[in-house]
1. Using each residue's phi in segment 218-232, evaluate 6.51 cos²θ - 1.76 cosθ + 1.60 at θ = phi - 60° and report the 3J(HN,Hα) Karplus result to the nearest Hz, with x for Gly and Pro.
2. Scaled to the compact-protein estimate 2.2 N^0.38 Å, what is the alpha-carbon radius of gyration of segment 14-81, rounded to two decimal places?
3. Convert each backbone phi in segment 321-334 into a coupling constant with the Karplus relation 6.51 cos²θ - 1.76 cosθ + 1.60 (shift: θ = phi - 60°), then list the ³J(HN,Hα) values in order as whole Hz, x for Gly and Pro.
4. So in the chain, which Cys have no other cysteine's beta-carbon sitting under 4.7 angstrom from theirs?
5. Anything over 23 Å Cα to Cα? Flag those among Lys301/Lys373; Lys311/Lys377; Lys351/Lys376; Lys376/Lys422, in the order listed.
6. How tilted is helix 449-466 with respect to the longest principal axis of the chain? Cα atoms for both, answer in degrees (0 to 90, nearest 10).
7. Angle between the Cα long axis of helix 17-32 and the longest principal axis of the chain, 0 to 90 degrees, nearest 10?
8. Can you give me the relative contact order of segment 352-457 as a percent, contacts being Cα pairs under 8 Å and 6 or more apart?
Amino acid sequence: MSVRTRFPPSPTGYLHIGGARTALFSWLYARKYGGAFVLRIEDTDRERSTEESVQAIFDGLQWLGLDYDEGPFYQTGRMGRYREVVEQLLREGKAYRCYCSKEELDALRERQRAKGEKPRYDGRCRQRDTPVPGVDPVVRFRNPRDGDVVIDDVVKGRIIISNGELDDLIIARSDGMPTYNFTVVVDDMDMRITHVIRGDDHVNNTPKQINILRALGNEPPKYAHVPMILGEDGKRLSKRHGAVSVMQYRDEGYLPEALLNYLVRLGWSHGDQEIFSRQEMIELFDIGEVHRSAAVFNPDKLLWLNYEYMKSLSLTDLRDHARWFFGNRGIDIDAQPNWHEVLKANQERSKTLVELVERSLFFFRDVDGYDEKSAKKFFKGQAGEILEELRSELAGIEPWQPETIHQCVHGLAEKRSVGLGKIAQPVRVAVAGVAVSPPIDDTLAILGKEATLRRIDAAVAYINSRA
Ligand code: GLU
């Protein structure tokens with residue numbers, strides 16, 4: 001039987017880190033065994049499901065390169081099918097209509113609590129054969145009363161739940177809407193899912209789902225319940241811990257490959273290997289090796305991985321990834337004759353694409369104002385004079401290249417008996433607007449003679465205007 005996995009998000013928000021990891025694990029498993037990965041949109045909660053969230057899920061999966069083979073299937077498009085299965089269970093006596101009013105159920109619960117019992121439906125409508133006039137019934141699944149449900153969970157090991165612990169679950173509400181645990185079962189059955197990989201917040205649903213599946217004549221798939229992701233404070237990962245939306249990582253300049261690599265290591269390891277190509281992940285990842293304990297999200301490690309991936313990219317790939325960010329800052333990177341040198345000079349200095357773009361901008365357009373602190377610190381004392389003198393020396397340089405610029409800057413430092421910083425820093429602020437850039441000779445060489453001289457002139461004018 002070929003492997004079939006699924007990712008069934010409820011479209012009630014963005015694609016978050018936890019969802020993306022479950023999607024990745026399911027996708028890897030399907031890819032490893034040449035199986036199918038199915039996308040299903042669980043949108044039956046019409047109040048909370050939105051088109052934007054559906055789109056956010058598509059965008060997130062696409063950005064991460066997690067392609068699906070079947071779907072997207074929408075649960076709202078399968079209502080007829082759910083109704084059909086409810087009818088089948090009713091017909092076969094495996095489900096029954098329940099007419100109990102809210103007051104009746106509340107009173108039952110109160111009595112059970114008073115006796116110190118766990119509140120649960122007592123099955124009083126199981127034997128009822130006449131409808132109650134004027135009441136729209138719910139439909140309940142006739143859960144087995146005896147025996148246990150055994151789950152041989154691929155991650156958690158054996159879990160045994162006694163049927164005595166389980167309620168006669170509502171599978172269709174009084175307005176006919178099927179409930180979550182029921183739609184999942186019908187879908188997993190119809191879509192012939194062989195491996196259900198999902199967050200362990202669903203463990204409690206699994207015995208109910210298994211019972212319904214069996215009632216429908218199916219053997220359950222294999223289950224792998226993946227432990228939660230926690231923040232570094234030990235609490236469940238949430239917005240408090242920073243970005244949790246996958247697309248926010250894109251916007252912050254992370255590479256999809258780095259995020260995938262980070263996600264695969266959240267709760268899984270392979271010796272002490274840290275970097276995995278997509279192909280390696282497919283070959284090496286095994287859902288059975290996922291750790292039983294919760295994983296802790298470490299943003300610094302993700303940043304480190306991103307840096308490693310950024311460093312390893314070819315300049316052309318780096319440009320392709322950065323294009324969108326440059327566009328957002330009004331720069332058409334493909335139209336810049338020196339993009340190659342600029343990206344090369346900044347590649348190893350940047351941990352994210354956003355940082356790369358920020359560090360590169362001044363090469364492509366004149367500075368519009370100086371960073372206040374840098375100007376205060378480096379445009380003082382003899383800076384104006386030094387810049388003027390440097391400017392006249394630089395004007396005579398031929399050819400304009402790092403070596404000749406280097407000689408010129410060093411020559412001036414010697415001549416004036418000042419440290420190199422006294423020259424390099426003011427000129428840096430003059431050309432970049434800030435006091436950080438690649439080595440000054442490279443910076444000026446890449447910038448070009450004309451832009452360098454023009455920007456030094458502007459800085460000298462600025463300094464003189466404030467003297
Ligand atoms: N729609 C459910 C969720 O987003 C999926 C549950 C499952 O994987 O069975 O949590």
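1. Rounded to whole hertz, the list is 10, 8, x, x, 7, 10, 10, 9, 8, x, 4, 10, 10, x, 5.
2. 1.15
3. 5, 8, 3, 4, 5, 5, x, 4, 9, x, 10, 8, 4, 5
4. When partners are defined as cysteine Cβ atoms under 4.7 Å apart, the chain leaves Cys100, Cys408 without one.
5. On the way: Lys301/Lys373 31 Å; Lys311/Lys377 32 Å; Lys351/Lys376 28 Å; Lys376/Lys422 14 Å.
Correct reply: Lys301/Lys373; Lys311/Lys377; Lys351/Lys376.
6. For helix 449-466, the angle is close to 80 degrees.
7. 80
8. 38
The values are calculated or read from the model by the stated rules, or taken from the named source; none is laboratory data. What you are looking at is a predicted structure, and each value in this text was computed from that prediction instead of being measured. Here Cβ is always computed from backbone atoms with ideal geometry, including for glycine, and neighbour counts include all displayed protein chains. Note: accessible area is taken over every heavy atom of the protein model, side chains too, but ligands, DNA and RNA are not part of it. Shrake-Rupley method; radii C 1.70, N 1.55, O 1.52, S 1.80 Å.
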